[in-house]
Amino acid sequence: MSKEELRSQLVALLVVFFGLAGFFAVLGFFGVLPWSFSLMMVLTFMICNLAVTLIYRAKVAEEFGALGGRMIYIYLFMRMYFLAGLTPADAIRKIAEHLDLEVLRRIYKYMIVGHSFTEASNRVFGDYRGEPRMLFENLMNSGVFGVGGLQYMKDATNTLLHELDKKVEKVSVEILNGVQMLAVLGTFAPLTIAVIGAALMGLGVFGIFNPVFMALLCLGISGLAFSYGIYYAMSKSSEVIS
Amino acid sequence: MKEKHLRMLLALIPGTAVLALIAVAVYTGYGARNILFTARGAVITSYVVMAAFLPLGLYEYARFRYYRRMEHDAARFLSTLEASIIAGLPFFEAFYRAGEYISSFRRVVSDVYKRLIMGERFRDVVDREVPRGTTPLKLLWEYLVLLSEVGEELFASISEYSLFFSKISEFRRALETAARQALVLMALMLFSFSIMLVLVVHVFLYEMATAGWEIIKISPEVMNAIEVAFIYIIVVQSVLGGFTVSRIGGERAYYLPHMLAMGFASLTPFALVIYDVVNLAGFVSSL
């Protein structure tokens with residue numbers, strides 16, 4: 001799925017969730033529904049908004065992040081295919097198949113209809129100027145220029161491996177910090193909500209209380225934290241190697 | 001059956017198990033609401049859900065353990081292959097010899113070699129028979145196919161590729177270590193969360209609900225809702241935690257069995273208290 005398609009899906013979901021939140025807020029305001037129930041529904045849809053936004057950001061980061069994390073494989077595959085005498089377009093097609101990379105598939109589609117590699121790359125990456133794009137374009141341009149390119153590719157692969165060596169340590173620490181945070185969020189946030197909620201019920205702050213809804217809310221927050229954790233771990237580990 | 005289909009089938013088991021449990025509850029007159037939204041029912045449902053995730057977890061564990069061994073041995077396999085080629089053996093003979101020396105490759109190489117003797121093409125056999133699973137293995141098999149097709153022009157690159165594979169293996173090991181550390185962290189968090197919940201719910205809140213403090217009174221209905229939420233949070237945490245930790249190492253569900261085992265261990269204190277095997281509130285009151 002392309003970045004534009006993802007963005008349009010996100011906007012559609014946000015509009016739906018904001019609409020529903022607004023709908024329940026209006027019903028609660030005019031007394032059609034109990035205000036405590038309306039408040040909880042508004043809160044739930046706000047959490048849904050937060051969840052889809054987080055997932056969208058992780059997805060976009062993952063799309064080009066995966067290219068970065070797999071760059072070492074792209075180099076190795078590309079070197080192998082150029083040594084074997086394949087054309088750049090064929091090499092891109094084969095790599096896209098093996099690594100299941102949508103970005104490469106789209107570049108190949110542009111190339112087979114007659115665009116040069118630079119044009120295809122500009123169309124696919126758009127205004128994205130990250131490190132993966134720079135590495136990939138260098139790689140392709142070197143491959144196009146024959147034997148000198150192969151030597152460049154060998155040096156570049158060694159440099160990339162050296163860079164990865166340093167990055168692995170850093171990312172491992174980042175992953176651990178992230179997991180620590182999500183474990184705290186996924187467990188202690190629902191616990192706090194439930195205990196405070198129960199105490200408020202006991203004090204009679206909320207007139208109407210729906211226990212099943214409260215249980216689902218705690219469960220939703222925990223599930224949200226862990227779903228994000230999965231994306232976080234994926235995007236972080238794909239930065240290094242995947 | 002294809003790997004993808006088997007994985008889908010295994011992923012369907014938890015949902016089917018919950019539906020079956022609800023059907024049994026309705027049929028026996030226990031009621032769907034009781035099995036899902038009461039503390040006693042939620043304990044049973046949670047155990048069933050976690051047990052139903054076990055086949056998927058064990059399958060992924062076994063599968064990736066096999067792939068990982070091959071990944072770690074890939075560099076040694078290429079070195080052995082290079083040695084045999086330098087010694088003057090034809091490519092396929094060298095390929096077979098290399099497989100003989102590296103235990104994780106022995107079976108698959110032997111199978112491929114038998115088919116080659118029967119007259120099949122190397123690429124066809126590899127495309128059809130060889131399970132690749134992970135990206136380094138895809139790269140390795142594609143490289144071997146190209147070696148067989150292109151021949152001597154590529155033989156000079158074997159030592160280079162062997163070096164690349166050993167580096168990649170190192171990086172993946174580093175991520176595995178990070179994943180293991182995260183697993184320990186999550187498991188400890190899960191267990192301490194469970195023990196804390198038992199204390200919070202069955203000592204403090206239970207007192208509020210039954211003894212009836214003057215300031216705060218909590219109805220049994222609220223108590224039940226909180227208990228149910230906490231029980232399901234343990235399930236969510238162990239299942240999604242298993243997937244999360246596995247993703248760090250780049251796998252699907254390698255650590256799911258570990259987290260499920262921790263989930264079982266964490267849920268047991270809850271079950272013991274809920275089913276009155278241990279009367280924690282009574283014990284605290286008697287102090």
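Throughout, read-outs are computed from the coordinates displayed, never taken from laboratory work. If you're wondering where the values come from, they're calculated on a predicted model, not measured in any experiment. Cβ: placed from backbone, ideal geometry, glycine included. Neighbour counts: every protein chain shown.
Numbers below:
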item: Gain upon complete extension [residue A:152, residue A:173; 0.36 nm per residue less C-alpha separation]; result: 4.3 nm
item: Exposure proxy order (Cβ contacts within 10 Å, fewest to most) of A:23, A:117; result: A:23, A:117
item: Max mean-square fluctuation residue, GNM over chain B, Cα-Cα springs under 10 Å, options B:268, B:45, B:28; result: B:28
item: Inter-part distance where the stretch B:37-96 and the stretch A:68-141 are each reduced to a Cα centre, Å; result: 29 Å
item: Proxy reagent accessibility, fewest Cβ within 10 Å first, across A:48, A:218; result: A:48, A:218
item: A:162, A:115 arranged by Cβ crowding within 10 Å, fewest neighbours leading; result: A:162, A:115
item: Mean residue ellipticity (222 nm) of chain B, computed from DSSP H runs ≥ 4 via -39,500 (n - 2.57), nearest 500; result: -28000 deg cm²/dmol
item: Flagged links, alpha-carbon separation over 31 Å, of A:167/B:114; A:154/A:236; A:94/B:114; result: A:167/B:114
item: Mean Cα-pair separation over length for chain B, i.e. relative contact order, pairs under 8 Å, 6 or more apart, %; result: 24 percent
